[in-house]
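A quick write-up on the structure given underneath.
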Amino acid sequence: MALPQLFEFHVRPRILYGPRSVREIGFEANKLGGTRAFIVTDKMLRQVGLAQRVADGLAGSGVTLVGIFDDVPPNSEVKVVEAGAAYAREAGCDLLIALGGGSVMDTAKGMNVLLSEGGSLLDYEGAGLLTRPLKPFIAIPTTAGTGSEVTIAAVIRDEAQGLKLEFNSPFMMPDVAILDPELTLSLPPGLTAATGMDALTHAIETLVSTGTQPLSDALAIGAIKLIAANLRQAVQHGDDLEARGAMLLASNMAGIAFSNAMLGIVHAMAHPCGGRYGVPHGVANSILLPYGMAYNLPTCAPRLAEVAAALGVETRGLDDETAALAGIAAVRQLAADCGLPARLSEVGVPHEGLAQLAADSQGDAMMMTNPNPAGEEDVLALYERAF
Amino acid sequence: MPVFKDAEQLYDCIGGVLDYLRTDETVSVAFRKSGLVIRFKYSDPDSEITLDGSQDPITLTCGPCDRAPTVDMTMSADTAHQFWLGKVNLVAALTRGAMKAKGPIPAIMKLLPVITPAYKKYPDILREKGLDNLINV
């Protein structure tokens, strides 16, 4: 394969992996120069004691915990970010710790912008508007799917406008990501399955993206292998620390990969399903992934054959197209084995809403890097098939 | 050395392609539907162009404009030139900081498929103005 003429690969943040690695938080916070740490999380994670484990890790490090903001909802909002930033500012925080899934991470990213630069969050809607590093920021994911701990973006809903706003800047990335699989043990099977399929979608879409390059390819292939070997086990035996660790790493690897190579039609179609009908992101991706792969097959069969091999499909002796089709079948089987729905009609999307979803998908940045260009009619046909 | 010798030349060339888009039937319908007011702010040479899709007909202003923009796109004039030659990936440019966008990114992305035909028109505009030498810069 020809190498791209020019590509860039971000490798921030520093990553620390290991069971009980959350105990290192004090050392890491100290190293970043923090003295007054502030935790951003949600009520559930606080109730099950995970925030306390972070607090325990800070003890004796010389870094004081000055506050915990646990009002983050499943889909964060501008007013939540602004309330959290006000609280953290009042507490005199000089280092942020995000403990949670994608919504918590995105909230903390937005809070860090306001704490460091001031103003209103809406002032920063867009891309490339930040010009200097923000306050030190440590991310501790408690789900294995979004990869938010290694991405430059935050998506936050503005209730006033009824819109999801995008904020993009390399300066929003955390400085350190701590991957402690023990913190994911309490994740229920349904959420484990959906977030795992989200990570798989990141990896597969990275490989076929027009922005792909060798560094992201390697991470994406590695992530697919880990997911194929561990997602079923993590869903069916949630106490398996090895499987949980493998999924946490796979999510992280896929996150780095897609953050550098971008995504494609599956995400462009999944985002409106979440925005209009509240379909959980991982579930929407899981349903739409086989259809997106099939749509892209004519333009990238060799790549999808690589995906099939990474999924564990025996591809020796098969031509690329046959191998790719076997890979699509393997993705469907994995989702089914994990108990995920296979149709949009099962998750509250009404048939009469499909045309609007197709129109919405055309404004999604991820469509830009899909290998097979897709207009509104193409996307509508795919939604129909997935319905 | 910058591609454009001064703001007037930029208004002639980049303004020319934006004016083509403003009057193209497909693009103007999509742009009017978006209701966006996009201000392009360029450096080297310092200049700005505002495309106002909030009114019918769409207006194009080269130079300072009183309309408050919904989207501010900031970039060097050289980047703009490369973009209209079809040599810049918008997503990569935004990620790498070669372009900055303040405002609703999805609304801008939605317009991209309709403006890409202008990639073919831009070299023609340069040729018409006797600026063939800029096509391969």
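Data table
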| quantity | calculated |
| --- | --- |
| Any chance A:G60 is at positive phi and out of contact with any Asp or Glu (no Cβ under 8 Å at 6 or more places or on another chain) | yes |
| Residue in segment B:105-114 that is over 23 Å from A:Y124 (Cβ atoms) and either β-branched (V, I, T) or in contact (Cβ under 8 Å) with a residue 12 or more places away in the chain (or both) present | yes |
| Residue count for segment A:374-387, restricted to those that are within 14 Å of chain B (Cβ to nearest Cβ) and within 14 Å of A:H267 (Cα to Cα) | 2 |
| Residue satisfying condition, being in contact (Cβ under 8 Å) with a residue 40 or more places away in the chain and either in contact with a His (Cβ under 8 Å, 6 or more places away or on another chain) or farther than 19 Å from A:N370 by Cβ (or both), within set A:L263, A:L304, A:L289 | A:L263 |
| The listed residue being part of a helix (DSSP H, G or I), touching a helix residue (DSSP H, G or I) at 6+ places or on another chain (Cβ under 9 Å) and either surrounded by 15 or more Cβ atoms within 10 Å (Cβ to Cβ) or hydrophobic (A, V, I, L, M, F, W, C) (or both), out of B:V137, B:V91 | B:V91 |
| Matching entry among B:R96, B:R32 (being more than 14 Å from every other protein chain (Cβ to nearest Cβ), at pLDDT below 90 and either touching a strand residue (DSSP E or B) at 6+ places or on another chain (Cβ under 9 Å) or under 30 Å from A:V155 (Cβ atoms) (or both)) | B:R32 |
| Selection status of A:A144, in contact (Cβ under 8 Å) with a residue 12 or more places away in the chain, farther than 22 Å from A:C93 by Cα and either within 14 Å of chain B (Cβ to nearest Cβ) or surrounded by fewer than 22 Cβ atoms within 10 Å (Cβ to Cβ) (or both) | no |
| Test result for B:G35, over 10 Å from the mean Cα position of the chain (by Cα), of a type outside the set (V, I, T) and more than 23 Å from B:G97 (Cα to Cα) | yes |
| Some residue of segment A:337-348 being buried (at least 22 other Cβ atoms within 10 Å of the Cβ) and either outside the structural domain of A:D198 (by TED's automatic domain parsing) or in a helix (DSSP H, G or I) (or both) | yes |
| Qualifying position, being under 15 Å from the mean Cα position of the chain (by Cα) and in a helix (DSSP H, G or I), among A:L226, A:L263, A:L248 | A:L248 |
| Test: residue in segment A:189-196 that is among the hydroxyl-bearing types (S, T, Y), out of contact with any strand residue (DSSP E or B) (no Cβ under 9 Å at 6 or more places or on another chain) and within 23 Å of A:V279 (Cα to Cα) | yes |
| Complete set of residues in segment A:117-141 that are within 13 Å of another protein chain (Cβ to nearest Cβ) and within 17 Å of A:H10 (Cα to Cα) | A:A127, A:G128, A:L130, A:T131, A:R132 |
| A:S186 being surrounded by fewer than 21 Cβ atoms within 10 Å (Cβ to Cβ) and farther than 15 Å from A:I256 by Cβ | yes |
| Search result, residues across segment A:168-190 that are farther than 26 Å from A:M111 by Cα and either assigned to a helix (DSSP H, G or I) or within 14 Å of chain B (Cβ to nearest Cβ) (or both) | A:E182, A:P189, A:G190 |
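The values are calculated or read from the model by the stated rules, or taken from the named source; none is laboratory data. In this text, all values refer to a predicted model and were calculated from it rather than measured experimentally. With ideal geometry, Cβ positions are generated from the backbone for all residues, glycine too; neighbour counts draw on all protein chains shown.
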